[in-house]
Amino acid sequence: MAEPGKCMSEEECRNNWEAQGKPLFGKIWSYEELQVVERPGRYQQKKPAKDLETPANWPKDTVIDRTSKWVFWLPEGWQQGIRTSVAGKILKCYFTPEGKRFWHKKDIEKYIGYSLPTVEPPAAKEEGAKPRTRYVTDPDAIPIWPEDEDDWLPKDFKIAFRQLPSGLHRIFIPPGREQEGFLYHRSTVQEYLSGEKTSLSSFGNSKPMADISAAVAERAPQGKAQKAPKRKHTEERKQAHAEDYSPCPSFAMLQLPGGTVQSTTALPEELQKEAEAAHGLLVKRGFLPSTDLIAIFRSSDDFSAESVHPLLKVLGGLYFRMTLAFNGRPVYQRMYLAGSVASGLACKGTYIFWNSKQSRWQIGVLDEDRSGFALLDEDCQIPIQASRQWMLLSETFMKSDASYSKAG
């Protein structure tokens, strides 16, 4: 077993990995554990001195962060603080030497006028030196929680490292499924959250790549070279244009401040009950009681069968306002009640967001370069303020590309 804090050579790291039976997986970490873990060597994040006092020019509701590691990208002279909300949720914030508070990295970059690092800088290497192969048993094999602005990984997931021949690969474990399996990539996490993917890569069935290659070689006919299997490439989704959208009289959108109905608009009773239950679960997960929801449903003003657009059934449901903004405006993610997960809530990879490139609101994948399933060509601060009607992809266009029927 390696000594904590000891700097080991690559050969020592490999010997340590082999001595422990060549494990394929490292420790599984929760978000909370990664906020307080001590990181050895160059992977250690900035942290304040134990005796550092909260500056007098800070707001009264905020204290200096003495319990968790400071983000590595914090500009020199800045300090990290924590604010505890009424609901008990801990919010990290960052202060200039003059005491100006910021909540998000992108706002700091806008303030200082340059981009901050997105990845912790690697240790200096000698010229011509080969990259070091890392192992799941290394003292510094502690994954870093994704810090993307769109906050794509739910905080109730867990992460770990999987051993590959080239080094370490970060994997993602859904809540309550630590004994079952994992997801390899961000894209598979988004598919899992959207409901498109339900299976996991099994911990028990995982084997070293060398063993997999050897097994394939044994099955190959003698004297014949084993051909690599052809990979199936999915066709690029067609890009929709303005003329591919049409009004949907049945489309209704209602904002639910704090999860409650405060409008004369008729919200279906079943959806109203779901909103109340979902909002309560969000608060239990640390969201503020004031967190807004948006409901999309079929309008009671138009119940003619021919007016029901197939996308309305797919996009309909509840969306919660995420803690981070997107393009300076609120962004909402699709959610639903799920008794199969510990939190009772699950999310899908469908969002309501402001597309700054197209200057419009959009419903679909959180990607400004992708066509949305629905759009609102009106510049307003939140989508519920719009006076115009939402436009949905025409059924004719959807028939020309079946992938658009798999939204939500």
Among the residues that make up segment 182-198, is at least one of them farther than 25 Å from LEU116 by Cβ, over 22 Å from the mean Cα position of the chain (by Cα) and modelled with pLDDT of 80 or more?
no
Looking only at segment 319-355, which residues are among the small types (Gly, Ala, Ser), open to solvent by less than 30 Å² (accessible area, probe 1.4 Å) and either free of Cβ contacts under 8 Å to residues at least 40 places away in the same chain or in a strand (DSSP E or B) (or both)?
ALA338, ALA346, GLY349
Go through segment 363-374 and report how many residues are open to solvent by less than 20 Å² (accessible area, probe 1.4 Å) and in contact with a Phe, Trp or Tyr (Cβ under 6 Å, 6 or more places away or on another chain).
3
Might you let me know whether segment 133-140 holds any residue that is in contact with a Leu (Cβ under 9 Å, 6 or more places away or on another chain), surrounded by 15 or more Cβ atoms within 10 Å (Cβ to Cβ), acidic (Asp, Glu) and modelled with pLDDT of 80 or more?
yes
Top-ranked residue in segment 67-81 [being surrounded by fewer than 16 Cβ atoms within 10 Å (Cβ to Cβ) and out of contact with any Pro (no Cβ under 6 Å at 6 or more places or on another chain); ranked as modelled with the highest pLDDT]
PRO75
THR264 vs. criteria at pLDDT 65 or above and farther than 30 Å from PHE397 by Cβ:
no
Just name the residue that is farthest from HIS169 (Cα to Cα) out of those in segment 13-43 that are among the small types (Gly, Ala, Ser) and at pLDDT 75 or above.
ALA19
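Quick grid of which residues meet (1) modelled with pLDDT under 85; (2) in contact with a Lys or Arg (Cβ under 6 Å, 6 or more places away or on another chain); (3) open to solvent by less than 60 Å² (accessible area, probe 1.4 Å); (4) farther than 18 Å from GLN333 by Cβ:
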residue: LYS207; (1), (2), (3), (4): yes, no, no, yes
residue: GLY223; (1), (2), (3), (4): yes, no, no, yes
residue: GLN255; (1), (2), (3), (4): no, no, yes, no
residue: GLY259; (1), (2), (3), (4): yes, no, yes, no
residue: GLU270; (1), (2), (3), (4): no, no, no, yes
residue: PHE303; (1), (2), (3), (4): yes, no, no, yes
Got at least one residue in segment 147-155 being crowded, with 18+ Cβ neighbours inside 10 Å, in contact with a Pro (Cβ under 8 Å, 6 or more places away or on another chain), assigned to a strand (DSSP E or B) and not aliphatic (A, V, I, L, M)?
no
Cβ-Cβ distance below 7 Å, separation of 6 or more or different chains: which pairs start in segment 95-117 with a residue that is open to solvent by less than 100 Å² (accessible area, probe 1.4 Å) and end on one that is among the charged types (D, E, K, R)?
PHE95/ARG101; LYS106/GLU149; SER115/GLU109; LEU116/LYS105; LEU116/GLU109
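The values are calculated or read from the model by the stated rules, or taken from the named source; none is laboratory data. The model shown is predicted, which means the values in this text are computed figures rather than measured ones. Backbone-built Cβ (ideal geometry, glycine too); neighbour counts: all protein chains shown. With ligands, DNA and RNA removed, areas are computed over all heavy atoms of the protein, side chains included. Shrake-Rupley method; radii C 1.70, N 1.55, O 1.52, S 1.80 Å.
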